[in-house]
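A quick write-up on the structure given underneath.
The values are calculated or read from the model by the stated rules, or taken from the named source; none is laboratory data. Bear in mind that the values here come from a model prediction, so they are computed numbers and not experimental data. Note that we place each Cβ from the backbone using ideal geometry, even for glycine, and neighbour counts take in every protein chain shown.
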Amino acid sequence: MPTVRARRVSHEAGCRVNGLHEAAVFGADEQSEVDVDLLRWVRLARFVLTEERVPADAELSVIFVDEQAITDLNERFLGGTGPTDVLAFPMDDVVLGGRQPDQGGRGPGSPSEPGDPPVVLGDVVVCPQIAERQAGEHGNSAPDELALLVVHGVLHLLNYDHAEERESTAMKRRERELLDRFRLLDS
């Protein structure tokens, strides 16, 4: 008999804050091993996009998966072995405008001229099981570790890296700044 997986989805489309339009963040919890506050992590991802001054027409997804799923992704797409805590998959292809796939009319209630398509930044994939294990090793609570992984993944989509020491230092500093500011707003 096939196993049924829990799947909670949050569609947090862009919204207006202080009169400014914010980027859209989509969240999905595709694992059932660890309780995840999906809306909180979607808010955190959107906060990072806002703080990094990402255009309002940008979109990204934050997806929580189990250990087997992240292992499969790590091995298939990055050539890694075993599970990892977070993966970032930037969207490299340009999305064409108009109505796909049939290129028919825009549909009832739509403007007659197509607008620019959203800028799809990519997907951040997080494994809460790994985050829970790492939390103790890093001296963090499980929610703090999850927060760090969400920020880390979003920053990777925004071209931050840690391959060299200087880059790593700058990325870690920015992670701390963003997490400190979010904690003030989230409390």
Do we find that Asp116 is charged (D, E, K, R), modelled with pLDDT under 95 and either surrounded by fewer than 13 Cβ atoms within 10 Å (Cβ to Cβ) or outside any loop (DSSP other than H, G, I, E, B) (or both) in this structure? yes
Looking only at segment 151-162, decide whether some residue is at pLDDT 95 or above and small (Gly, Ala, Ser). yes
Mind telling me which of the residues Arg173, Arg166, Arg183 ends up being under 21 Å from Val36 (Cα atoms) and charged (D, E, K, R)? Arg183
If you take the residues in segment 152-169 that are farther than 17 Å from Leu44 by Cα, assigned to a helix (DSSP H, G or I) and not charged (D, E, K, R), which one is farthest from the chain's Cα centre (by Cα)? Thr169
What pairs come up if the first residue lies in segment 73-89 and is of a type outside the set (Gly, Ala, Ser) and loosely packed, with under 14 Cβ neighbours inside 10 Å, the second is part of a helix (DSSP H, G or I) and at pLDDT 95 or above, and their beta carbons are under 8 Å apart, counting only those six or more places apart or on different chains? Thr81/Asn74; Thr81/Glu75
Evaluate the following for Gln103: is it modelled with pLDDT of 95 or more, out of contact with any Lys or Arg (no Cβ under 9 Å at 6 or more places or on another chain) and farther than 26 Å from Arg181 by Cβ? no
Where in segment 1-90 are there strands (runs of 3 or more DSSP E), lying fully within it, with 1 or more residues that are within 17 Å of Leu158 (Cα to Cα) and modelled with pLDDT of 95 or more? 24-29, 58-64, 86-90
Report, by residue number, each residue of segment 144-170 that is in contact with a His (Cβ under 6 Å, 6 or more places away or on another chain) and at positive phi. none
